Amino acid sequence: MAAAAATPTASSGLIRYAAAAPAHSHHQARCSSARPSLLALRHRAARPAPFDYDGDETGDDHPREECGVFGVVGDPDATSLCYLGLQKLQHRGEEGTGIAAAGEDGTIKLERGLGLVGDVFGADPTRLARLPGHAAIGHVRYSTAGAAASLRNVQPFLAGYRFGQLAVAHNGNLVNYHALRNKLEAQGSIFSTSSDTEVIQHLIATSLSRPLLARICDACERLAGAYSLLFLTADKLLAVRDPFGFRPLVMGRRRNGAVVFASETCALDLIDAAYEREVEPGEVVVVDRRDMSVSSACLVPHRPRKSCVFEHIYFALPNSVVFGHAVHERRSAYGRALAEESPAPTADVVIPVPDSGFYAALGFSQTSGLEFQQGLIRWHYSGRSFIQPSQAIRDLAVKLKLAPVHGVIRGKSVVVVDDSLVRGTTSSKIVRLLRDAGAREVHMRIASPPVIGSCLYGIDTPSEGELISNRMDLEGVRRTIGCDSLAFLSLDKLHSIYGDEAPEFCDACFSRNYPVLPTVPEPVPELVSAFED
Ligand SMILES: O=P(O)(O)OC[C@H]1O[C@H](OP(=O)(O)OP(=O)(O)O)[C@H](O)[C@@H]1O
Ligand SMILES: NC(=O)CC[C@H](N)C(=O)O
Ligand code: SF4
Ligand SMILES: [Mg+2]
């Protein structure tokens with residue numbers, strides 16, 4: 001992709017952009033583009049959307065976040081291991097966390113709270129002590145821009161039904177959630193959260209299949225979208241991955257035979273669990289904690305594999321192996337490809353945007369031969385800025401988080417490499433920081449294509465109106481950011497890095513080729529007539 005280049009402009013575009021950013025949600029964007037029927041529109045107007053049940057002040061609470069799941073079965077320290085594993089997955093969700101553990105008597109107990117894993121469980125050790133057991137599942141939740149934190153949506157969810165207790169932890173997003181929920185509510189189901197995940201428990205409870213494995217298969221075969229799930233019952237831990245395999249889920253084993261499931265391998269490494277394999281797309285793995293037998297079943301729908309390429313680009317930790325690839329190796333390859341495609345011949349030095357831009361910048365430096373320097377220092381007490389709830393806070397968060405190293409930058413022409421550009425907040429701030437620190441020229445290189453579509457499958461890319469590359473062309477983005485030149489990795493080049501495997505990856509946020517589209521919910525007849533009355 002050609003770089004946009006021009007003389008520097010003192011840009012106030014970010015501020016204008018922030019003020020103009022539409023408040024509508026990603027979910028609304030999806031529904032409107034799907035052209036719901038008139039009846040469906042009337043139906044939605046007649047009652048609050050299911051997401052509004054929490055009654056938070058913003059009314060903007062959508063199931064569109066990324067999360068991490070972790071589970072252990074067959075270890076006397078299951079709960080503590082779960083706590084440590086969740087710490088390691090903290091980057092996947094900072095808003096809330098919880099652990100459900102099955103005790104020796106078969107009773108499942110649950111502790112959860114809003115905030116970081118260390119705050120919820122580390123600050124009050126009695127919470128972990130209240131969760132004895134040999135099997136546990138946990139969750140870290142990643143909420144969306146503008147969404148209010150809501151304790152009732154923090155997972156795992158625990159419910160009792162006629163066959164006992166069932167806890168669930170979910171990473172992903174269901175695109176037929178509304179349709180399923182409408183139907184279940186019409187049949188009398190009562191929901192206590194505004195999360196898509198709760199429908200899964202209802203589908204399992206109302207399934208006529210036997211035994212539990214068949215009920216879970218029955219329920220999951222009715223789901224559309226992304227789900228990497230862990231279920232805990234009195235005597236079993238089950239792991240399920242949707243047939244497209246959007247979200248990661250791996251299985252490992254400790255030396256004492258305990259079986260471990262995690263969103264990323266970095267969490268297995270932490271607790272000395274050896275990586276065994278991925279849970280395959282469309283697979284259900286059942287571990288019975290009474291005899292530690294492991295069995296597996298397949299969901300009936302078979303789909304082409306579509307694993308999320310954004311996990312490699314940004315989301316996963318670089319020391320994880322995700323979808324069979326070392327994440328750091330993928331990121332270096334993007335950087336090398338970017339240097340081939342869009343070099344910066346006048347530059348003196350390559351600097352990464354920490355943290356996620358590090359390996360791509362290293363790759364860029366290797367291929368370009370330009371010196372690699374740490375020109376921006378990351379302040380490690382702040383979280384991921386992409387996750388912060390409002391634009392104003394995100395702006396300040398970037399400034400708090402990154403500081404220039406004047407000696408590296410002053411008088412230099414710098415190439416700044418970041419993994420992705422979404423709203424443009426980070427890049428705009430960085431260009432300003434670098435110019436203030438005396439950079440002569442600033443060339444932005446982004447190691448992924450422009451983000452032009454919202455994710456429907458569990459990553460909180462913002463609504464399409466908030467995506468800067470959706471609102472303006474390359475030159476417009478460059479001018480808004482205020483850099484001397486700007487280039488993205490092209491989609492073709494990204495595909496070429498994956499070779500024959502490229503079709504097995506979802507790239508819808510760069511291409512708008514969505515593997516599965518949202519189901520437009522049908523109106524519930526009784527409710528429509530009640531409205532007409
Ligand atoms: O264009 P924007 O809307 O600013 O979003 C893109 C930025 O957000 C992410 O960083 P983040 O700070 O979330 O996490 P990181 O520290 O892992 O890079 C990503 O790595 C980009 O730097
Ligand atoms: N999307 C995620 O990965 C989290 C699970 C679920 N969609 C929720 O709302 O909490
Ligand atoms: S749309 Fe983008 S973020 Fe979402 S699953 Fe596909 S590649 Fe990943
Ligand atoms: Mg970043």
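The values are calculated or read from the model by the stated rules, or taken from the named source; none is laboratory data. Only a predicted model underlies this, so the values are computations on that prediction, with no experimental measurement involved. Virtual Cβ from ideal backbone geometry, glycine too; neighbours counted across all protein chains shown. When the accessible area is computed, the model is the full protein with side chains, heavy atoms only, and any ligands, DNA or RNA have been set aside. Shrake-Rupley method; radii C 1.70, N 1.55, O 1.52, S 1.80 Å.
Conditions tested, residue by residue: (1) within 16 Å of ligand 1 (Cβ to nearest atom); (2) under 14 Å from residue 160 (Cα atoms); (3) out of contact with any Leu (no Cβ under 8 Å at 6 or more places or on another chain).
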position	(1), (2), (3)
175	no, no, no
182	no, no, yes
192	no, yes, yes
198	no, yes, yes
207	no, no, yes
211	no, no, yes
214	no, no, yes
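Report the residue count in the stretch 309-328 for those that are more than 16 Å from ligand 4 (Cβ to nearest atom), outside any loop (DSSP other than H, G, I, E, B) and open to solvent by less than 10 Å² (accessible area, probe 1.4 Å).
First, the residues of the stretch 309-328 that are more than 16 Å from ligand 4 (Cβ to nearest atom): 309, 319-326.
With outside any loop (DSSP other than H, G, I, E, B) added as a condition, the list becomes 309, 321-322, 325-326.
Subsequent filtering for residues that are open to solvent by less than 10 Å² (accessible area, probe 1.4 Å) retains 309, 322.
Residues meeting the conditions: 2.
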If you scan the stretch 233-258, which residues turn out to be more than 16 Å from ligand 3 (Cβ to nearest atom) and part of a loop (DSSP other than H, G, I, E, B)? 233, 234, 235, 254, 255, 256, 257, 258
Identify the residue in the stretch 176-204 that is touching a helix residue (DSSP H, G or I) at 6+ places or on another chain (Cβ under 8 Å) and hydrophobic (A, V, I, L, M, F, W, C) and, among all such residues, is farthest from ligand 4 (Cβ to nearest atom). 186
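Filter the stretch 454-475 down to residues that are within 15 Å of ligand 1 (Cβ to nearest atom) and open to solvent by less than 10 Å² (accessible area, probe 1.4 Å) and give me whichever is nearest to residue 407 (Cα to Cα).
468
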Out of the stretch 279-299, which residues are assigned to a loop (DSSP other than H, G, I, E, B) and within 26 Å of the chain's Cα centre (by Cα)? 279, 280, 281, 282, 299
Provide a single number: the residues in the stretch 341-376 that are open to solvent by 60 Å² or more (accessible area, probe 1.4 Å), within 25 Å of the chain's Cα centre (by Cα) and among the hydroxyl-bearing types (Ser, Thr, Tyr). 1
What's the total number of residues in the stretch 259-275 that are surrounded by 14 or more Cβ atoms within 10 Å (Cβ to Cβ) and in a strand (DSSP E or B)? 5
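This table checks each residue for (1) under 30 Å from residue 227 (Cα atoms); (2) in a strand (DSSP E or B); (3) in contact with a His (Cβ under 9 Å, 6 or more places away or on another chain); (4) more than 16 Å from ligand 3 (Cβ to nearest atom).
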residue: 304; (1), (2), (3), (4): yes, no, no, no
residue: 331; (1), (2), (3), (4): yes, no, yes, no
residue: 340; (1), (2), (3), (4): no, no, no, yes
residue: 361; (1), (2), (3), (4): no, no, no, yes
residue: 367; (1), (2), (3), (4): no, no, no, yes
residue: 380; (1), (2), (3), (4): no, no, no, yes
List the number of the failed condition for residue 338; all other conditions in (1) free of Cβ contacts under 8 Å to residues at least 60 places away in the same chain; (2) open to solvent by less than 10 Å² (accessible area, probe 1.4 Å) hold. (1)
Residues being over 12 Å from residue 173 (Cβ atoms) and open to solvent by less than 10 Å² (accessible area, probe 1.4 Å) - total across the stretch 230-258: 15
I'd like to check something: does the stretch 360-374 contain any residue that is at pLDDT below 95, touching a Leu at 6+ places or on another chain (Cβ under 9 Å) and more than 9 Å from ligand 1 (Cβ to nearest atom)? no
Looking at the structure I just gave you, is residue 252 within 13 Å of ligand 2 (Cβ to nearest atom) and in contact with a strand residue (DSSP E or B) (Cβ under 9 Å, 6 or more places away or on another chain)? no
Counting only strands (runs of 3 or more DSSP E) wholly inside the stretch 92-205, the ones holding at least 3 residues that are open to solvent by 30 Å² or more (accessible area, probe 1.4 Å) are 108-114, 157-161
Every pair of residues 6+ apart whose Cβ atoms lie under 6 Å, when the first sits in the stretch 439-450 and is farther than 19 Å from residue 332 by Cα while the second is among the β-branched types (Val, Ile, Thr): 439/409; 439/414; 442/414; 442/431
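Answer with yes or no whether residue 230 is part of a strand (DSSP E or B) and either touching a helix residue (DSSP H, G or I) at 6+ places or on another chain (Cβ under 7 Å) or under 26 Å from residue 459 (Cβ atoms) (or both).
On the way: part of a strand (DSSP E or B): yes; either touching a helix residue (DSSP H, G or I) at 6+ places or on another chain (Cβ under 7 Å) or under 26 Å from residue 459 (Cβ atoms) (or both): yes.
Yes; evaluated as a whole, the condition is true for this residue.
Determine, yes or no, whether residue 395 is in a helix (DSSP H, G or I), modelled with pLDDT under 95 and acidic (Asp, Glu). Give the steps one after another, and end with the answer.
Working: in a helix (DSSP H, G or I): yes; modelled with pLDDT under 95: yes; acidic (Asp, Glu): yes.
So residue 395 fits the description; yes.
Could you tell me whether residue 227 is at pLDDT 95 or above, of a type outside the set (D, E, K, R) and open to solvent by 10 Å² or more (accessible area, probe 1.4 Å)? Give the steps one after another, and end with the answer.
Numbers: at pLDDT 95 or above: yes; of a type outside the set (D, E, K, R): yes; open to solvent by 10 Å² or more (accessible area, probe 1.4 Å): no.
No, not satisfied.
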Only one of these conditions is not met by residue 351: (1) assigned to a strand (DSSP E or B); (2) modelled with pLDDT under 70. Which number is it? (2)
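Condition check: among the hydrophobic types (A, V, I, L, M, F, W, C) and over 22 Å from residue 300 (Cβ atoms). Does residue 232 satisfy that? Steps first, answer last, please.
Working: among the hydrophobic types (A, V, I, L, M, F, W, C): yes; over 22 Å from residue 300 (Cβ atoms): yes.
Yes.
Restrict the check to the stretch 416-433 and report whether at least one residue is on the phi > 0 side of the Ramachandran plot and touching a Cys at 6+ places or on another chain (Cβ under 8 Å). Talk me through it step by step, then tell me what you get.
We begin by selecting, within the stretch 416-433, every residue on the phi > 0 side of the Ramachandran plot; these are 424.
Still in the running and touching a Cys at 6+ places or on another chain (Cβ under 8 Å): none.
No; the residues of the stretch 416-433 include none that is on the phi > 0 side of the Ramachandran plot and touching a Cys at 6+ places or on another chain (Cβ under 8 Å).
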If we keep just the residues of the stretch 160-199 that are out of contact with any Pro (no Cβ under 9 Å at 6 or more places or on another chain) and of a type in the set (A, V, I, L, M), which is farthest from ligand 3 (Cβ to nearest atom)? 190
